[in-house]
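**Q** Once you've had a glance at the structure underneath, I'll fire off some questions.
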Amino acid sequence: MAKLVQLIGVQHNPLLYRRMLRAEEHPGMVEARAGYERMRQKLAAARPDVLLVIANDHLSQWFTDNMPAFLVGKAPRARGPFPHETEEFGLPTYTARVDVDVARAIIEGGFERGVDFAYSDEFVLDHAFTLPLTFLRPEMDLPIVPLFTNVMAPPVPPSSRFYQVGEAVRAIVDELPADLRVAVLASGHLSVEIGGPRPMREAPDPEFDARVVAHVREGNVAGLLRDSSWERMLRAGNFTAGLLNFVALVGVAGGQPATAADCVFLRTSSTPFFTWDLEEAEA
Amino acid sequence: MSRYEVNKVVREMVMQRASLERFLADPHGFLADRPLEAEERRALAERDFGALYAMGAHPFLLWGWANRVAGIDRETLLDRYAEAVRPHGYPDFAT
């Protein structure tokens, strides 16, 4: 029987990559870099066989000509990011094998549990996938299963739906026949403003961010769902909906309090580190 | 109003350098065969970020495009862009 061994949630601001390389020049960035390093160590220590990654595309691939709410990538190999992202943010290429059996089991298990996942045999991993993977698994040796969400193009499913999808993933992993150690990485955002009227130089609502981090720390699902309604998130910043990827992760955790939920409040964007060490919890 | 068509052409310019260069060389020529309203065409050709934002163009795409077509340094753009969109608050950008 498969088991969930480690859940991790981090943010994916693409500006982090260059800033992290020269962390000493940016206030708070040394601490943020240490946080990502801690997450890398956690993931390695959990010795997973496969890593499910919950993240969103940024309209580069899934666009409103045909927009999936939740999509599982099941091509045998995955690669990213997009050339225009590499050009703008200096991001390196990331490649990984995909565990196609697990991908298929998630799709089919979803159908049986009321989640009609879209799926794809040809896709590119957006920076929301490659940036955390570059920090957390630089070896590029761990098979992944990418789960794409739509948090960018309204109408977006309500936060309760993201939570349910997370719960479904948890149930599906529990019933996988293979004897696999499964880790889950969610890549999202706290409050963020892009292309709106508020200054993009700073995190728009650190108070909101602190409250959300506390919800995750305490396993306060009701509070988290309330604060992740579309209208509430919009008030915190126009693209705060990246938070929904963390809501899905809390669903995977079954609403348990996180083992640790910290946040480096960088001026540019609050940088959370969420972990559930599930084997320790068992012991 | 064809919010989808505006987003589509903006996205194309963000993702494809050849399209961006055609637009920069001849905005009206590049936009000529796109199914856009006259005001959308004007706002795109004139890089009127405020008008496009007010129409409900997707803010993420619009900002990515602004970075590629404004022809000014990022810090100046951050201020000018925010000034242009501020009067319009948060228009619905659902398609």
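**Q** So for the pair B:Ala70, A:Glu175, with labels modelled 7 Å out along Cα→Cβ, what separation do we get in nm?
**A** 5.1
**Q** Further, regarding this structure: Towards the positive end of the charge dipole of the protein assembly as shown, with charges on Cβ (+1 Lys, Arg; -1 Asp, Glu), say which of A:Ala248, A:Leu15, A:Val212 has the farthest Cα.
**A** Positive-end residue among those listed: A:Leu15.
**Q** Can you give the average number of partner chain beta-carbon atoms within 10 Å of each beta-carbon in peptide A:60-67, as a whole number?
**A** Taking all residues of A:60-67 together, the mean is 3.
**Q** Inside 10 Å of the C-beta atoms of B:60-67, what's the mean count of C-beta atoms belonging to other chains? All intermediate terms of the calculation are to be shown ahead of the outcome.
**A** Working: counts 9, 8, 3, 6, 8, 1, 1, 2.
Per-residue shielding by partner chains comes out at 5.
**Q** Next up: Report, in debye and to the nearest 20, how large the dipole of the protein assembly as shown comes out about its Cα centre when Lys and Arg carry +1 and Asp and Glu carry -1 on their Cβ.
**A** Dipole magnitude for the protein assembly as shown comes out near 340 debye.
**Q** In debye, nearest 20, what is the charge dipole magnitude of region A:1-121 about its Cα centre with +1 on Lys and Arg Cβ and -1 on Asp and Glu Cβ, if you could check? Can you show the working numbers first?
**A** Numbers: 15 positive and 16 negative charges, 111 e Å.
Computed about the Cα centre, the dipole is about 540 debye.
**Q** For B:Asp26, A:Asp57, what's the fewest-to-most ordering of other Cβ within 10 Å of each Cβ?
**A** Least crowded to most crowded, the residues run B:Asp26, A:Asp57.
**Q** Report, as an integer, the average count of C-beta atoms from other chains found within 10 Å of each Cβ along B:84-90.
**A** Values: counts 1, 4, 3, 1, 2, 2, 6.
Whole-number average of other-chain Cβ neighbours for B:84-90 is 3.
**Q** Can you put A:Val100, B:Val6 in order of Cβ neighbours within 10 angstrom, beginning with the fewest?
**A** Final ranking by Cβ density, sparse to dense: A:Val100, B:Val6.
**Q** Okay, next question. Give, in nm to one decimal, the length gained when the segment between B:Glu39 and B:Ser2 is fully stretched (0.36 nm per residue of separation minus the Cα-Cα distance).
**A** 12.3 nm
**Q** Which value in nm describes the separation of the simple spin-label points at A:Arg38 and B:Arg47, placed 7 Å from the Cα toward the beta carbon?
**A** Simple spin-label model gives 4.3 nm for this pair.
**Q** Can I ask one more? Please report the antiparallel percentage of DSSP beta bridges with both residues in the protein assembly as shown, rounded to the nearest 5.
**A** Here the antiparallel bridges make up roughly 45 percent for the protein assembly as shown.
**Q** Charges at C-beta only: +1 for Lys and Arg, -1 for Asp and Glu. How large is the resulting dipole of region B:3-88 about its Cα centre, in Debye rounded to 20?
**A** Around 220 debye, computed over region B:3-88.
**Q** Highest mean first, how do A:167-177, B:83-93 rank when packing is the count of other Cβ atoms within 10 Å averaged over residues? Before the final figure, lay out each step's value.
**A** On the way: A:167-177: 17.9, B:83-93: 14.6.
Ranked by mean Cβ neighbours within 10 Å, highest first: A:167-177, B:83-93.
**Q** Modelling each spin label as a point 7 Å along the Cα-to-Cβ direction, I'd like the A:Ser120/A:Glu202 distance in nm, to one decimal.
**A** Each label point is offset 7 Å from its Cα along the Cβ direction, giving 3.6 nm.
Coordinate-derived values only; no laboratory data. Please read all numbers here as calculations on a predicted model, not as lab measurements. Backbone-built Cβ (ideal geometry, glycine too); neighbour counts: all protein chains shown.
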